[in-house]
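Handing you this structure, nothing more for now.
The values are calculated or read from the model by the stated rules, or taken from the named source; none is laboratory data. Since the model is a prediction, treat every value here as computed from it, not as a measurement. Glycine also receives a Cβ, built like all others from the backbone with ideal geometry; neighbour counts cover every protein chain displayed. Remember, those area values only see protein heavy atoms, side chains included, never the ligands or the DNA or RNA. Shrake-Rupley method; radii C 1.70, N 1.55, O 1.52, S 1.80 Å.
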Amino acid sequence: MSDTEKQVLRALDTYKSAVLAKNADTFMHLYDPEVRVFDTWGVWSYEGATAWRIAVEGWFTSLRDESVRVMFDDVNIVDRQDFALMSAIVTYAAVSAQGQELRAMQNRISWVLRTSGHVLRVVHEHTSAPIGFEDAKAILTRQGKS
């Protein structure tokens, strides 16, 4: 495993722990100041870390006493000289203050990461979910690998 791949895996671990702790500062350290985020929910894109931070803080605040456990599956990393690409299936599971899983959903996530000061930072994030042909609704649970 290359050093870059290890850095990407550490970034995924940081993402998981920052979301669980609802720690926007730690979460935002993953992102380049000029990041462009294509999120699944509500807004076409977030341009820059300031806009993305506002969305993230809104997400964390909306959770109230719940927390979110994040899991990444089928992680695929492409390592290049000055950047890396990562794609995965991400599961977001809402957890009550008592530790009970309340609900969960899955998205597809892709990152483009660029080296900045010897650290890989996300310069582009894209999350998505497929849309059903019959009802035009987002499919938020993977039915099987294809």
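Could you check, for the range 128-140, whether at least one of its residues is closer than 28 Å to Asp25 by Cβ and either part of a strand (DSSP E or B) or modelled with pLDDT of 95 or more (or both)?
Scanning the range 128-140 turns up at least one residue that is closer than 28 Å to Asp25 by Cβ and either part of a strand (DSSP E or B) or modelled with pLDDT of 95 or more (or both).
What about Thr127, is it among the hydroxyl-bearing types (Ser, Thr, Tyr), farther than 26 Å from Ala51 by Cβ and under 17 Å from the mean Cα position of the chain (by Cα)?
On the way: among the hydroxyl-bearing types (Ser, Thr, Tyr): yes; farther than 26 Å from Ala51 by Cβ: no; under 17 Å from the mean Cα position of the chain (by Cα): yes.
No; evaluated as a whole, the condition is false for this residue.
Suppose the filter is closer than 23 Å to Lys137 by Cα, free of Cβ contacts under 8 Å to residues at least 40 places away in the same chain, open to solvent by 40 Å² or more (accessible area, probe 1.4 Å) and not polar (S, T, N, Q); does Gly42 pass it? Spell out how you get there, then give the answer.
Details: closer than 23 Å to Lys137 by Cα: yes; free of Cβ contacts under 8 Å to residues at least 40 places away in the same chain: yes; open to solvent by 40 Å² or more (accessible area, probe 1.4 Å): yes; not polar (S, T, N, Q): yes.
Judged against the criteria, Gly42 is a match.
Then there's this: Here are some conditions: (1) under 22 Å from Phe38 (Cβ atoms); (2) loosely packed, with under 14 Cβ neighbours inside 10 Å. Arg121 meets all but one. Which one does it not meet?
(2)
Can we say Asp73 is exposed (fewer than 13 other Cβ atoms within 10 Å of the Cβ) and either under 19 Å from Leu140 (Cα atoms) or under 11 Å from the mean Cα position of the chain (by Cα) (or both)?
Numbers: exposed (fewer than 13 other Cβ atoms within 10 Å of the Cβ): yes; either under 19 Å from Leu140 (Cα atoms) or under 11 Å from the mean Cα position of the chain (by Cα) (or both): yes.
The answer is yes for Asp73.
For (1) surrounded by 12 or more Cβ atoms within 10 Å (Cβ to Cβ); (2) touching a strand residue (DSSP E or B) at 6+ places or on another chain (Cβ under 6 Å); (3) not in a loop (DSSP other than H, G, I, E, B), each residue gets a yes or a no:
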| position | (1), (2), (3) |
| --- | --- |
| Thr4 | yes, yes, yes |
| Leu9 | yes, no, yes |
| Leu12 | yes, yes, yes |
| Tyr15 | yes, no, yes |
| Ala18 | yes, no, yes |
| Asp25 | no, no, yes |
| Val37 | yes, yes, yes |
